[in-house]
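Structure, as structure tokens:
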Amino acid sequence: MQIDEYTRLFFQMEAEEGFFTSRTPSGDLFWDVVRLGIYNSLFKEINEPRQFQKTPVSQLLLGRLTKIRRILLKIGSMANLWVRLKRIRPVDFVAYICSRYTDANGNPIDFATDDAYRTLSGMGSTRRFESAQDLFQDINFSTLISIAIRTHRLPAGYQEYFRAIAKVVANAERIYFGIADSHVLDVIQSEYKSYLAERRVWREILDRSQPRLVLTTQNGTQKGLISEARKRHVPVVECQHCVINLMHPAYSYPATLAPGGRVILPDAMLLFSEYWKQQCSMLGTELTAVGNNCFSSAGARSTRTGAAVFVTAGIFQRYLSPLAVKLAKSMPGRLFIMKLHPSELSGRAIIEREYRGIPNLSVVGVEKSCPELFADASDVVVVQSTATYEALDRGVPVHILRKSWFMMEQNLFVRPDVHLFSTAAELQSALFKPMNRPKCVPRFFDAFDPIVFRKLVHTLIRRSHTEVAPASRRTVQ
């Protein structure tokens, strides 16, 4: 089932079955906490049936020993982080960052929030929390969450409620999709337990930090943060970090859902450009185009004198790698590059071994960003990726493989510089060709506008003042 048809049925199911009105035994919202996990899990169940594979005893033993070793090594770090959490002092702003890279000095980089974070830091004192597991420059949120999950038990009645609601969801899935996700109970338990653990940690952070505003890259997963911030009348601003559209459940909800307190969404969303306002439906969230300096091309066009770049976006490497090998061998006079997602860096050596003996096919990791590669890229090959839009802004034709989630890019299919293909032969016939850039096309990435951002911050803080009158407030510059 293609993602567009699946999303339509999923939105219809959750709206008609009244899932957004579901409440836990404690009276808290339920569905908006677990819907993203259920959405993803059911899609996999329908399109990629998961089968049990028995792991050899030797691998199990090795895995357990490795896990034990990692746990022992992290105990000291966890204890240190928890102590540092208890020593947090008030600040003007809190930033929850999802860094995917580090610079030459080992400092974390989050292209989505860097512009806003630097601007916010100039407006007052700011404390940064990292989500990536291996970044300990400040306080690592993921490690704190892992502690909270292990030490925090579910309140009484939740397990029984989860079993009951899982049956209701499974029955609805059978009605609308003809199949029920065999993992639905596990997903519900995992998602909601993580949510409760997040709330516990964010209570500590927000009560000790007493921030005026929170900046985050959350991708629909930080419901615990938003819930606790909302209770304290602290506005939350999210930075767009990738492609969003009406088929992305973190940024889109059923059109029939009435505004109200049934969803847990940020107060404002910072978008790459005006184009993205039509690509999301977030009830009650203020959509503001502020731009992004990392992705913006500032009008620069590719020379198209270089390689055809395959962008894997992590999960699509298995589709694109065989194509790259076949094309490189078939076109020895042309250059090809496989651009890896940060999540694939640990397997880079394996990929490079596969390409050994193919001199015109190379692998690029974090040493070069997509904007750098696209300065002379001839073509870009993807399944679904933010790189699609970066390439088009730079005048690079894009070739989309009809696999997996490719329909997420369906708004682009009418463009003459976008080519859909299913076979290596179809792709080969379209690469390295002259291209006429379409007229009157939208810009996907604007340069970051600090004035618009500062105005939004001040507006949200003033609005929060009308909701609650604190004893004292720090001045935001």
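Once Rh for region 308-430 is found with the Kirkwood sum over Cα pairs, what is the Stokes-Einstein diffusion coefficient at 4 °C and 1.567 mPa s, in µm²/s? It would help to have the intermediate numbers written out before the result.
Details: Rh = 14.4 Å.
The diffusion coefficient I find is 90 µm²/s.
Have a look at SER378, VAL325, PHE310 and report the one farthest towards the positive end of the charge dipole of region 310-389, computed about the Cα centre with Cβ charges (Lys/Arg +1, Asp/Glu -1).
VAL325
Suppose every Lys and Arg Cβ carries +1 and every Asp and Glu Cβ carries -1, with no other charges. What dipole size does region 308-430 come out with about its Cα centre, to the nearest 20 debye? If you can, show how the numbers build up before the last one.
Working: 13 positive and 12 negative charges, 87 e Å.
Roughly 420 debye, rounded to the nearest 20.
Which ordering of GLU390, GLU173 is given by a fewest-first count of other beta-carbon atoms within 10 Å? Don't skip to the end; give the middle numbers.
Numbers: GLU390 26, GLU173 22.
The order, fewest Cβ neighbours first, is GLU173, GLU390.
Using 20 Å as the Cα-Cα cut-off, could you pick out the over-long pairs in LYS339/LYS403; LYS44/LYS277; LYS223/LYS339; LYS193/LYS223?
Those over the limit are LYS44/LYS277; LYS223/LYS339.
Take the alpha-carbon positions of region 183-240, form their convex hull, and give its projected area averaged over all directions (one quarter of the hull surface) in nm². All intermediate terms of the calculation are to be shown ahead of the outcome.
Numbers: hull surface 16.7 nm².
Approximately 4.2 nm², given one-decimal rounding.
Just grab the label-to-label distance for SER281 and ARG208, each label 7 Å out from Cα along the Cβ direction, in nm (one decimal).
Spacing of the two 7 Å Cα→Cβ label points: 4.1 nm.
Subtracting the Cα-Cα distance from 0.36 nm times the residue separation, let me have the gained length for ARG174 to SER429 in nm, one decimal. Write out the running numbers ahead of the final one.
Working: separation 255, 0.36 × 255 = 91.80 nm, distance 4.31 nm.
Taking ARG174 through SER429 to full extension adds about 87.5 nm, to one decimal.
Could you calculate the FRET efficiency of LYS329 with LYS439 from 1/(1 + (r/R0)^6), where r is the beta carbon distance between them and R0 is 41 Å, rounded to 0.05? Don't skip to the end; give the middle numbers.
Numbers: r = 37 Å, r/R0 = 0.91.
About 0.65, to the nearest 0.05.
For region 277-371, go through all pairs of different Cα atoms, get the mean of 1/r, take its inverse, and jot down that Kirkwood value in Å.
Details: mean 1/r = 0.0637 Å⁻¹.
Across region 277-371, the inverse of the average 1/r is 15.7 Å.
FYI, it's all coordinate maths here, none of it is from the lab. Note that the coordinates shown come from a computational prediction; the quantities given were computed from them, not determined experimentally. Every residue, glycine as well, gets a Cβ built from its backbone with ideal geometry; the counts of neighbours run over all protein chains shown.
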